[in-house]
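Asker: First, the structure itself, so that you have it in front of you.
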Amino acid sequence: MVLDINLKYLALLTTIFLFTACVAEKKYTPLKIFKHNIQTVQAAKEKVKPIQEEFDFNGTWLAQATSSFVQRKLSLNRVNNSLQGKLELTYITTRGVIYDQASFDVIIYLKGESIDGFISSGSSSENISIFRDSNDAFTLKVHKQRSKYFDSSEIRFIKYKTKQTREKKVELIPADGFVLDKTNKVIWQDAIGNKVLKSDYYAALDYCKKLNYLSFDNWVLPTRKQLITSINNNNFKNKTNGDYWSQTASLDQYGKAWYIDYEKAQMGVDIKTDKKYIRCIRKKENNEKDINNNASSISASDRESGK
């Protein structure tokens with residue numbers, strides 16, 4: 001018994017000796033927790049707020065019409081930690097002539113950074129999730145394979161604006177090599193490359209950033225809102241009815257960004273690795289020459305280079 005205790009005591013002394021030796025040789029560094037480190041972590045956590053706190057869901061949202069639905073209107077109202085409202089559908093019957101209207105209850109729960117809920121009709125319901133695409137648009141995803149309420153798994157809703165809050169009409173003036181947006185005081189690139197060059201989202205950003213065209217090097221990829229003003233692309237000489245990238249990324253759908261589909265005259269969100277056309281934009285400088293004088297100064301190399 002005494003021998004057993006002595007062996008345990010000897011083992012303990014050996015452990016202490018080895019630990020001290022490692023520390024002395026700086027092979028082992030004890031963990032130190034400083035007060036300012038804890039405060040830094042806490043401050044960082046306080047800055048991270050749930051996304052729904054900064055996003056105003058209240059109001060009316062409209063989805064794009066399809067061959068099955070003439071109108072899809074979603075009305076939401078914030079109630080504590082949930083969104084409650086109605087989904088109103090105007091759809092075409094199987095006979096393709098008579099239009100029926102239906103209204104369904106919608107409840108969406110806000111938990112942390114997830115936005116999940118369901119659409120209900122009597123005893124049946126379908127689970128849904130919401131992902132913000134911008135401050136005035138979100139994508140509603142349906143988890144059920146065959147939805148009673150929608151004809152696709154992803155439906156994009158845009159915030160409805162009254163006539164008083166709608167954006168003013170944009171005046172676009174075509175010129176030689178560019179198009180002037182006189183309303184917003186920006187200039188659009190209009191070169192051969194705009195109907196030829198296609199790239200992914202990242203290459204499109206880099207292309208506009210490095211572009212030197214018409215003696216200017218302050219070109220950028222347009223934002224989603226700027227692209228909307230060019231929805232009628234008849235003002236552009238070099239154009240296609242394809243998709244063009246914007247610089248605006250989706251807020252919640254990681255790896256996706258906004259683009260414009262000129263053929264359907266609507267906006268959409270797609271993965272950033274997809275290839276789309278590019279058209280750059282820049283701000284019109286205050287001391288810039290009149291549009292007619294500026295147009296005459298365009299070189300043939302700029303016009304035909306496809307930049």
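Readers should treat all values here as calculations from the given coordinates under stated rules, not as data from a laboratory. Only a predicted model underlies this, so the values are computations on that prediction, with no experimental measurement involved.
Asker: Would you list the P(r) distribution for region 106-147, with all Cα-Cα distances sorted into 10 Å bins from 0 and each bin expressed as a whole %?
Answerer: 27, 54, 18, 1
Asker: What are the radius of gyration and Dmax of region 172-304, computed over its Cα atoms and given in Å?
Answerer: Over region 172-304's Cα set, Rg and Dmax evaluate to 14.3, 45 Å.
Asker: A further question follows. Regarding region 53-159, what are the three Cα extents along the principal axes, ordered largest first, in Å?
Answerer: For region 53-159, the Cα extents along the three principal axes come out at 44, 30, 22 Å.
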